[in-house]
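Everything below concerns the one structure shown next.
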Amino acid sequence: MRVLVTRPLEDSLRTAQALAERGHEAVIAPLFKINYLDGPEPPLEGVQAVLATSGNGVRGFARRTARRDIPLFAVGAQTAATARKEGFCYIRDAEGDAAALAALVRAELRREAGALLHAASTNASLALSEILAEAGFDIRTCVVYGIIDAAELPSAAADALRSNTLDAILIYSPRSARLLVDRVKRAGLACFCARMLACCISHDAADALGGVAFAEIRIAARPNKDSMLALLPEGKR
């Protein structure tokens, strides 16, 4: 299968390799890019753990400090893998979403043991902070990266859609789903999605595809790489 991958370039390249190992061909067309932000050392005094809701948060935090001894609580397997690659010593994987991460924190950490620092993006959801604040935790936000949207549908995606050679697309977040829908409509190519399988990481991501018809929409059993790739038919190797 030819699979459209619209993640930031670094993530898309890793996804393309995983697809190739399963007998699929990736068409890489990033819909946004990551801008890591310079800044002072994160405010770690009195912090008992760092919270990361994406691999980009881990990478952005790691660029700002040499500290790797503070426990890092990751939202899922990919974020945890990034933390291991960056050299963090103690990593906990929530294996889910922001709600799962909050539940893990509440189960394993004590409010009186110190603050929590969320390594976040400029447009981070407030859901995690709100849940933990309501539970009595002191949560701080350190913005370590921003997201820059593509002004239009990348040419690689547009050309593949026009030629009717795409079989599937991987959707990794509600935000990327909304961006895809908007850029495909602007390009006048929404009709070409009707033959494609949309593989979504969550129900929220699937819901954000509203307004564009796909041949089928599938939702991963768990929000991780293996579950996403399992949505695709077996490829030729």
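Brief remarks follow.
- For the chain, the extents of the C-alpha atoms along the principal axes are 58, 33, 31 Å, listed from largest to smallest.
- Taken over segment 46-175, the convex hull of the Cα atoms encloses 122 Å³ per residue.
- Förster radius 35 Å - calculated FRET efficiency between LEU37 and ARG195 (Cβ-Cβ, nearest 0.05): 0.30
- Within segment 30-78, the trypsin sites (Lys or Arg not before Pro) that combine a DSSP coil assignment with at most 16 other C-beta atoms in a 10 angstrom radius are ARG67, ARG68.
- Residue-averaged [θ]222 nm for the chain, counting only DSSP H segments that reach four residues, each worth -39500 (n - 2.57): -10000 deg cm²/dmol
- Sulfur and carbon atoms: percent of accessible area, the chain [1.4 Å]: 49 percent
- Among the GluC sites (Glu not before Pro) found in segment 1-110, those both in a DSSP coil and sparsely packed, with 12 or fewer other Cβ atoms within 10 Å of their Cβ, are GLU45.
- Length gained on full extension, ALA127 to ALA107, computed as 0.36 nm times the residue gap minus the Cα-Cα distance: 5.4 nm.
- Across segment 53-69, coupling constants 3J(HN,Hα) worked out from phi with the 6.51/-1.76/1.60 Karplus curve, θ = phi - 60°, read 9, 6, x, 5, x, 4, 5, x, 5, 5, 6, 9, 8, 8, 5, 10, 8 Hz, and Gly and Pro carry x.
- Cα gyration tensor shape of segment 168-237, rounded if a/c is under 1.5, else prolate or oblate by comparing a/b with b/c: oblate
- The length gained on full extension between THR165 and GLU25, counted as 0.36 nm times the residue separation minus their Cα-Cα distance, comes to 49.3 nm.
- Note: relative contact order over segment 107-237, using C-alpha pairs below 8 Å and six or more positions apart, is 18 percent.
- Descending by average beta-carbon neighbour count within 10 Å, the peptides 193-203, 220-230 line up as 193-203, 220-230, the highest first.
The values are calculated or read from the model by the stated rules, or taken from the named source; none is laboratory data. Treat the numbers as computed from the prediction; the structure is a model and nothing was measured. Ideal geometry is used to build each Cβ from the backbone, glycine not excepted, and the neighbour counts take in all protein chains shown. The accessibility values were calculated without ligands, DNA or RNA, using every heavy atom of the protein model including side chains. Shrake-Rupley method; radii C 1.70, N 1.55, O 1.52, S 1.80 Å.
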